[in-house]
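Asker: Encoded as structure tokens, here's the structure I'll be asking about.
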Amino acid sequence: MAKRVGVIGSGVVGRVLADGFLRHGYEVMIGSREPEKLAEWKGRGGERASLGSVPEAAAFGDLVVLAVKGTAAEKAVELAGPATLAGKTVIDATNPIAEAPPDHGVLRFFTTFDESLMERLQRLAPEARFVKCFSCVGNALMVNPDFGGQQPTMFICGDSDEAKREVSEVLAQFGHEPCDMGGVQAARAIEPLCILWCIPGFLRNEWTHAFKLLRQ
Ligand SMILES: NC(=O)c1ccc[n+]([C@@H]2O[C@H](COP(=O)([O-])OP(=O)(O)OC[C@H]3O[C@@H](n4cnc5c(N)ncnc54)[C@H](OP(=O)(O)O)[C@@H]3O)[C@@H](O)[C@H]2O)c1
């Protein structure tokens with residue numbers, strides 16, 4: 001039986017990742033506050049694609065993806081249900097972007113360097129196995145991006161080694177090289193990479209880059 005993925009959030013990231021999982025043979029349910037607005041996505045997705053509420057998608061997934069607006073992420077985890085998420089790997093693609101506009105191309109966050117959004121989410125759902133992933137690259141480059149044969153680095157972190165192994169398998173399918181940065185606290189460093197990634201976009205309309213870690 002195909003592995004089931006519950007995607008929470010129906011924005012561009014939720015839909016891009018949902019399409020990626022469908023392409024790689026998974027069964028996918030997108031969970032939204034208004035699932036009816038995704039009828040066209042379901043029509044395109046075929047029989048392995050389905051729609052539900054946020055708690056339904058959380059319950060459906062063996063693997064859960066959190067892809068909601070950063071300011072709504074805590075609410076979405078509460079809605080999904082910490083008990084439902086217990087023991088499940090949760091790919092956290094969110095960034096704590098504040099409502100205020102960027103300053104000279106530099107996004108503003110509502111978190112601090114001493115507390116990331118993923119740490120807040122982990123506290124809300126202590127038994128969920130959160131893994132920060134996909135937060136530091138644009139949605140157009142999340143699934144099998146073409147960099148002429150080179151694989152971008154995807155910085156990941158989280159407290160569960162088993163969950164990070166599971167996410168690394170997904171990353172191998174999606175054409176990224178995982179780079180494990182440690183426990184949940186490392187999200188304090190990974191989430192701000194989104195600020196850096198977006199600067200060329202806001203300043204020069206350049207959105208086609210990704211990070212690569214070089215090693216000697
Ligand atoms: N855009 C990118 O290229 C990119 C790249 C990396 C990471 N990210 C991060 O990925 C996340 C999703 O980004 P996005 O660009 O797809 O769209 P977004 O506008 O940041 O988020 C859209 C999603 O957030 C949910 N949402 C909004 N307000 C909500 C609320 N009050 N309560 C519950 N859910 C709410 C919506 O769910 P409903 O379906 O219920 O309406 C919608 O699906 C963000 O945290 C973003 O920072 C984005």
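Asker: Straight distance only, please: which aspartates and glutamates reach the Cα of Lys88 with their own Cα at less than 18 Å, same-chain residues fewer than 8 apart left out?
Answerer: Answer for Lys88, where 18 Å is the Cα cut-off: Glu27, Glu56, Asp62, Glu74, Glu78, Glu119, Glu127, Asp159, Asp161, Glu162, Glu166, Glu169, listed by chain and number.
Asker: For region 44-190, build the charge dipole from Cβ charges (+1 Lys, Arg; -1 Asp, Glu) around the Cα centre, then report which of Met118, Asn95, Ser160 sits farthest towards its positive end.
Answerer: Asn95
Asker: Taking the alpha-carbon distance from Lys42 and a cut-off under 22 Å, which lysines remain once sequence neighbours fewer than 8 residues away in the same chain are dropped?
Answerer: Counting by Cα, and skipping residues close in sequence, Lys42 has these lysines nearby: Lys3, Lys69.
Asker: Relative to the Cα centre, what is the charge dipole magnitude of region 98-201, using +1 at the beta carbon of each Lys and Arg, -1 at the beta carbon of each Asp and Glu, and rounding to the nearest 20 debye?
Answerer: Details: 8 positive and 15 negative charges, 29 e Å.
Computed charge dipole of region 98-201: roughly 140 debye.
Asker: What are the ³J(HN,Hα) couplings of region 116-133, residue after residue, when phi is run through the Karplus curve with 6.51, -1.76, 1.60 and θ = phi - 60°? Round to Hz, x for glycine and proline.
Answerer: Ordered by residue, 3J(HN,Hα) equals 8, 5, 5, 5, 5, 5, 4, 5, 5, 10, x, 9, 6, 9, 6, 10, 5, 6 Hz.
Asker: With charges only on Cβ, +1 for K and R and -1 for D and E, what is the dipole size of the chain about its Cα centre, in debye, rounded to 20?
Answerer: Around 280 debye, computed over the chain.
Asker: Could you report the chain's accessible area per residue, 1.4 Å probe, as an integer in Å²?
Answerer: Per residue, the chain has an accessible area of 47 Å².
Asker: Let me ask you something else. Counting other Cβ atoms within 10 Å, keep those with at most 15, restrict to DSSP loop, and tell me which GluC sites (Glu not before Pro) in region 62-133 are left.
Answerer: Hits after loop and neighbour filter: Glu99, Glu127.
Asker: How far apart, in nm, are the 7 Å Cα→Cβ label points at Asp161 and Ala140?
Answerer: Taking the simple label geometry, Asp161 and Ala140 are separated by 4.0 nm.
Asker: What percent do you get for the relative contact order of the chain when only Cα pairs under 8 Å and 6+ apart count?
Answerer: 18
Asker: First measure r as the distance between the Cβ atoms of Glu115 and Phe202, then evaluate 1/(1 + (r/R0)^6) with R0 = 22 Å and state the FRET efficiency to the nearest 0.05.
Answerer: Taking R0 as 22 Å, the efficiency between Glu115 and Phe202 is 0.30.
Asker: Moving to a separate point now. How much of the DSSP beta bridge set in the chain is antiparallel, as a percent to the nearest 5? Mind dumping the intermediate values first?
Answerer: Details: 4 of 29 bridges.
Among the beta bridges of the chain, antiparallel pairing accounts for roughly 15 percent.
Asker: Dipole of region 1-67 (Lys/Arg Cβ +1, Asp/Glu Cβ -1, origin at the Cα centre): which of Gly25, Ser10, Leu63 lies farthest to the positive side?
Answerer: Gly25
Asker: Further question: Would you please name the chymotrypsin sites (Phe, Trp or Tyr not before Pro) within region 112-164 that are DSSP coil residues with at most 12 other C-beta atoms within 10 Å of their C-beta? Can you show the working numbers first?
Answerer: Values: sites: Phe113, Phe130, Phe134, Phe147, Phe155; in loops: Phe113, Phe134, Phe147.
When the chymotrypsin sites (Phe, Trp or Tyr not before Pro) of region 112-164 are filtered for loop state and at most 12 Cβ neighbours within 10 Å, Phe113 remain.
Asker: Specify the inter-centroid distance of region 138-216 and region 50-101, based on alpha-carbon positions, in whole Å.
Answerer: Rounded to whole Å, the Cα centres lie 19 Å apart.
Asker: Students sometimes get this wrong: rank Lys88, Lys37, Lys3, Lys132 by accessible area, probe 1.4 Å, all chains present, largest first. Intermediate values should be presented prior to the final figure.
Answerer: Working: Lys88 35, Lys37 120, Lys3 75, Lys132 0 Å².
These residues rank, largest area first, as Lys37, Lys3, Lys88, Lys132.
Asker: With a 1.4 Å probe and all protein chains left in place, how much of the accessible area of region 131-216 comes from carbon and sulfur atoms, in whole percent?
Answerer: Values: 2170 of 4200 Å².
Within region 131-216, the accessible surface is 52 percent carbon and sulfur.
The values are calculated or read from the model by the stated rules, or taken from the named source; none is laboratory data. On a predicted model such as this, the values are computed, not experimentally measured, just so you know. No Cβ is skipped: glycine too gets one built from the backbone with ideal geometry, and neighbour counts run over all protein chains shown. Accessible surface is based on the protein model in full, side chains and every heavy atom, while ligands, DNA and RNA are left aside. Shrake-Rupley method; radii C 1.70, N 1.55, O 1.52, S 1.80 Å.
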